[in-house]
Amino acid sequence: MRVLIVDPPGHGLDLAMRAQEAGHEVKLSIRDDDKTRHIGNGLVQVVRDHRPWLNWSNLVICTDNSLYLHDLERFREEGGIVLASSPRCAQLELDRQFGQEVFKRAGIPVIPSKEFNNYDDAIRFVSKTMRRYVSKPCNDAGADRALSYCSSGPDDMVYMLERWKRNDKLHGSFLLQEFVPGIEMGVSGWYGPGGWNEGWEEDFEFKKLMNGEIGCATGEQGTVLRYVKRSKLADKVLIPIERELARLGYVGDINVNCIIDDRGRPWPLEFTARLGWPAFQLQCALLKGDPIEWLYELATGKQGSPFFLDRIAIGVVLSVPDYPYSHATRKEVVGIPCLDVTPGLMKHLHPCEMMAGEAYCESAGQLVKTPCLMTAGDYVMVMTATAETIQDARQKVYRRLERVRKRMPGSPMYRTDIGLRLSRQLPKLQSMGYARNLVFSPQLKS
C-alpha cells in the first residue's frame, strides 16, 4: 500500500518506520523548519510538501489537527482515503467551549467554568469567589497553551494571572474552570464510517517533568494504557457522544480525559481529536499485525476482529536537555548517538526526533565509525513494554531504558516512576467500578 503520513509536528516517524517494515511504500511529509528538518533523515523517505503526493497515496494519515486539514478534507471529498480530523472535528479539542457544548448536548455533566477575554476581569472574579481554579486557553492550537495552569488556591491563581498580564501572554480568550479533586483517567475509542471499532482504550497519563508530579507540565512524560472489551468510563463519556461524532463525520481515535471524583462521577476535561502522543506508540506496542491494514480498514468503514493484545502497555519518554523548553539550537541537540540498539530492543523503541547517522564505537580494541540512530531533536524516543501487570511492565521498560542510557551521551533523561501512583489509585477506582481487573503487581492479584 502507498501511505502518505502528513506530519506537521514531526510525531509520525515511528509509524512510518513500522509501515515501511510491514512492506508498505511510505512518504513522511514533515515541514522543513529548524525544529523538524532532521527528523527521519536516512530512516524513511521524507518529503517537504504533502500536496504532490496525495493522489499517489492509497491512505493518508495525519498526525495533527491544527494544519492542512482543509487540504485533506478536500481530498477526502474527492474520494481519497484519509484518517484525520476534519476542520470541524478538530474543534472538539482546539475550541474548548465547543467541546464542552458537545458534552452538554449528550447529557454529560461538565465542570462549571467561566470565559474571560482580559486578566483584570479574571483577577476580580477569583478575588470575589475565593475558589481554586484551573486556567485553560479556549483555543488550544497556538501560543496560548502557556495559559494552562492548575492553581493551588485563589492566591496562586491571581499571582499567575498578574504574571501573564505583565508578560503580555494573552492572545485570545481563556477559561477559569473550578478545581475538582479526584483521580485522572482517560478513555478512547476508534471511530469511523462503520461506527466504533471493537475495544476501548483506558489510559493514565503522567504529565509533569519530574518524579512525583513535580516540575513544569509537559505534553506527557509517560503513560499506562490497555484495551478492554467493556469500560464503565466509555459508557459514561464516549458512547453518549456517538451521534455527535457521526454528524461530524469523525474518523480516527477520540479520547476524553476525565477527573473521577470521590462519588464516582467522571468529569470530562478535554477531548483529544487526533492520534495521541505517546499514546499511539503504546497502541502500536499492543497491536497484533500490520498497523496500516488496521488503519485502512477503519478509514474505509470495515470492522475486523480485535486487534489488540490483552496486556498492559507502559511507555516512557526519553529526552535530552533542554527539553521541554526547546530553546537550544538544533546543533546542540542533533547528532547525539544512540549506540548498540539491537533488533530485539528496536521492537520496543519508538523513534520520535531521530535520524540515521554514524558514530565511533569500540570494536576489537579500536574505535570504528558505525551506523547508528542519532537524535534529531530533544524529544528523542518512547520506550514501551507490555505485561500482565503494571509492575511487570515497569520493570521491563526501565531495563530497556537503562540499556539505552548507558550507551548514549548527552545526558538523556526520563522519569523513573511512571505507573507507580496507580498502586494507590487503583483500589479507589475499582471500588467505584472503573479500571476493573487492572492489576498493579502480581502480589495484588485477586
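The values are calculated or read from the model by the stated rules, or taken from the named source; none is laboratory data. Since the model is a prediction, treat every value here as computed from it, not as a measurement. Quick reminder, even Gly has a Cβ in these numbers, built from the backbone with ideal geometry, and neighbours come from all protein chains shown. With ligands, DNA and RNA removed, areas are computed over all heavy atoms of the protein, side chains included. Shrake-Rupley method; radii C 1.70, N 1.55, O 1.52, S 1.80 Å.
Exactly one residue out of 264, 182, 219, 195 is more than 24 Å from residue 440 (Cβ to Cβ) and more than 20 Å from the chain's Cα centre (by Cα): that is 195.
Candidates are the residues of segment 330-361 that are part of a loop (DSSP other than H, G, I, E, B) and without any contact (Cβ under 8 Å) to a residue 24 or more places away in the chain; the one that is surrounded by the fewest Cβ atoms within 10 Å (Cβ to Cβ) is 342. Look through segment 379-432, keep the residues that are in contact (Cβ under 8 Å) with a residue 12 or more places away in the chain, open to solvent by 10 Å² or more (accessible area, probe 1.4 Å) and among the small types (Gly, Ala, Ser), and return whichever of them is farthest from residue 218 (Cα to Cα). Out of the qualifying residues, it is 423.
Listed conditions (1) in contact with a strand residue (DSSP E or B) (Cβ under 6 Å, 6 or more places away or on another chain); (2) surrounded by 23 or more Cβ atoms within 10 Å (Cβ to Cβ) are all met by residue 274, apart from (1).
Exactly one residue out of 170, 175 is open to solvent by less than 60 Å² (accessible area, probe 1.4 Å), under 24 Å from residue 66 (Cα atoms) and assigned to a loop (DSSP other than H, G, I, E, B), and it is 170. Every residue in segment 203-235 that is part of a helix (DSSP H, G or I) and open to solvent by 40 Å² or more (accessible area, probe 1.4 Å), please. Matches in segment 203-235: 232, 235. Residues of segment 236-261 that are in a loop (DSSP other than H, G, I, E, B) and under 23 Å from the mean Cα position of the chain (by Cα): 238, 249, 250, 251.
Being closer than 30 Å to residue 253 by Cβ and at pLDDT below 95 is the requirement here; does residue 137 meet it? So residue 137 fits the description; yes.
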